[in-house]
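Peer 1: Pasting a structure below so you can have a look.
The values are calculated or read from the model by the stated rules, or taken from the named source; none is laboratory data. Computed from a predicted model, the values in this text were never measured in an experiment. With ideal geometry, Cβ positions are generated from the backbone for all residues, glycine too; neighbour counts draw on all protein chains shown. For the accessible areas, the whole protein counts, side chains as well, though only heavy atoms, and no ligand, DNA or RNA atoms are used. Shrake-Rupley method; radii C 1.70, N 1.55, O 1.52, S 1.80 Å.
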Amino acid sequence: MNLEEYFKRIGFYGPFSKPDLETLNQVHKHHVMSIPFENLSIHCGEKITMDHELIFNKIVRSNRGGWCCENNLLFAWVLKEMGYNPITLGSRVYNNTINQFGPIDSHLINKVVIDGTAYIADVSFGVSSQIWHPLELVSGKDQPQSPGVFRLIQDGDLWTLEKTGRKPLVLNEAFTNSPLVDKSPTKKIYGFTLVPRGVDHFLETSHYLQTDPKSLFTNKSICSLQTATGFRALIGWTFSEVTYNNQDGFDVLDMKDISDDDVDKVLKEMFNVLLANKLVPINNKAGYTI
């Protein structure tokens, strides 16, 4: 494991002289633009681990992406190597269908303190809820980014990340009422406390998420990558190219279904993902929007 390989993978060529906010912003954005949020291993017969070496080999050397317990764990290692002092936190994803947080810390994030100011770094939530730059850990402050306006709200020990976005403009009428289309203007994304967490805190959850029949991740194959103008996503067989904030103030969603024969081609050409094992796409009914 070395930083040079990682920097090459994300297309970051520095220079950086100290662990400051500008460098953190750059590396964070390069990561989300280069490494997908994806759970394809589950649907390729592969086990997802929290072993640093295996994660590095998968994401950096094998042109893959990963989910939060891979991407954000790798990112924490990167930050430490660069001279930052990240603290790993656990968060509970908000279920907008039933309007409550999940019962377990299913999402791993990092807190970074720079010159006395704390920031939340998260390179692995994906789709329209993905932050491009770290968020300042301050309550109630609007923090505009290309995907929309993010804000962190503190209520006692609980911090909640929420986002106000734009109305979706779906080009293909066949997908106007797709359950994948998020039509809520403001939504909660996840909640967390500032209690530091180690890898052990997520091991049981990681196993559950990739094996339990009720888990979102066993019911949907997901691959998402941020782009200069929005993001791309492949959910099962549904490919979406999303452009943020067109001239009329909409997010434009260009959605279509692809065939089994085109899945590998789309993954390679649109996400730069090369799979070693055969993917079995899946898109069962579950509460998930892009």
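Peer 1: From the residues in the stretch 1-60 that are of a type in the set (Phe, Trp, Tyr) and open to solvent by less than 30 Å² (accessible area, probe 1.4 Å), which one is farthest from Asp212 (Cα to Cα)?
Peer 2: Looking at the filtered set, the residue picked out is Phe12.
Peer 1: Those residues that are assigned to a strand (DSSP E or B) and β-branched (Val, Ile, Thr), I need them from the stretch 107-138; list them, please.
Peer 2: Ile109, Val112, Val113, Ile114, Thr117, Ile120
Peer 1: Next question. Which one is surrounded by the most Cβ atoms within 10 Å (Cβ to Cβ) among residues in the stretch 149-159 that are out of contact with any Phe, Trp or Tyr (no Cβ under 8 Å at 6 or more places or on another chain) and part of a strand (DSSP E or B)?
Peer 2: Going through the qualifying residues, I end up with Phe150.
Peer 1: Would you please name the residue that is farthest from Gly45 (Cα to Cα), looking only at residues in the stretch 202-219 that are open to solvent by less than 10 Å² (accessible area, probe 1.4 Å) and touching a residue at least 12 places away in the same chain (Cβ under 8 Å)?
Peer 2: Phe202
Peer 1: Restricting to the stretch 254-290, name every residue that is within 21 Å of Leu169 (Cα to Cα) and either touching a Gly at 6+ places or on another chain (Cβ under 9 Å) or of a type in the set (Val, Ile, Thr) (or both).
Peer 2: Across the stretch 254-290, the qualifying residues are Asp257, Ile258, Thr289, Ile290.
Peer 1: When you look at Lys187, is it in contact (Cβ under 8 Å) with a residue 24 or more places away in the chain, basic (Lys, Arg), open to solvent by 80 Å² or more (accessible area, probe 1.4 Å) and assigned to a strand (DSSP E or B), yes or no?
Peer 2: no
Peer 1: In this structure, is Asn284 in contact (Cβ under 8 Å) with a residue 60 or more places away in the chain and more than 19 Å from the chain's Cα centre (by Cα)?
Peer 2: It is true that Asn284 is in contact (Cβ under 8 Å) with a residue 60 or more places away in the chain and more than 19 Å from the chain's Cα centre (by Cα).
Peer 1: For the stretch 99-106, state whether one or more residues are at pLDDT 95 or above, open to solvent by 20 Å² or more (accessible area, probe 1.4 Å), under 18 Å from Leu225 (Cβ atoms) and not in a strand (DSSP E or B).
Peer 2: no
Peer 1: Here's something else I'd like to know. Mind listing whichever residues of the stretch 131-147 are surrounded by fewer than 22 Cβ atoms within 10 Å (Cβ to Cβ) and either in contact (Cβ under 8 Å) with a residue 60 or more places away in the chain or among the aromatic types (Phe, Trp, Tyr) (or both)?
Peer 2: Trp132, His133, Ser146
Peer 1: Then there is this: Given the conditions (1) of a type outside the set (Lys, Arg); (2) crowded, with 23+ Cβ neighbours inside 10 Å; (3) touching a residue at least 60 places away in the same chain (Cβ under 8 Å), report the number of the one that Glu70 does not fulfil.
Peer 2: That leaves (3) as the condition not met.
Peer 1: Can you confirm whether Val181 is more than 26 Å from Thr49 (Cα to Cα), modelled with pLDDT of 95 or more and part of a loop (DSSP other than H, G, I, E, B)?
Peer 2: It is true that Val181 is more than 26 Å from Thr49 (Cα to Cα), modelled with pLDDT of 95 or more and part of a loop (DSSP other than H, G, I, E, B).
Peer 1: Separate question: What number of residues in the stretch 50-67 are in contact (Cβ under 8 Å) with a residue 40 or more places away in the chain, farther than 15 Å from Val32 by Cα and of a type in the set (S, T, N, Q)?
Peer 2: 1
Peer 1: Still on this structure, I have one more. Working only within the stretch 225-272, note down all residues that are open to solvent by 60 Å² or more (accessible area, probe 1.4 Å), out of contact with any Phe, Trp or Tyr (no Cβ under 8 Å at 6 or more places or on another chain) and not in a loop (DSSP other than H, G, I, E, B).
Peer 2: Matches in the stretch 225-272: Asp254, Asp261, Asp262, Asp264, Lys265, Lys268, Glu269.
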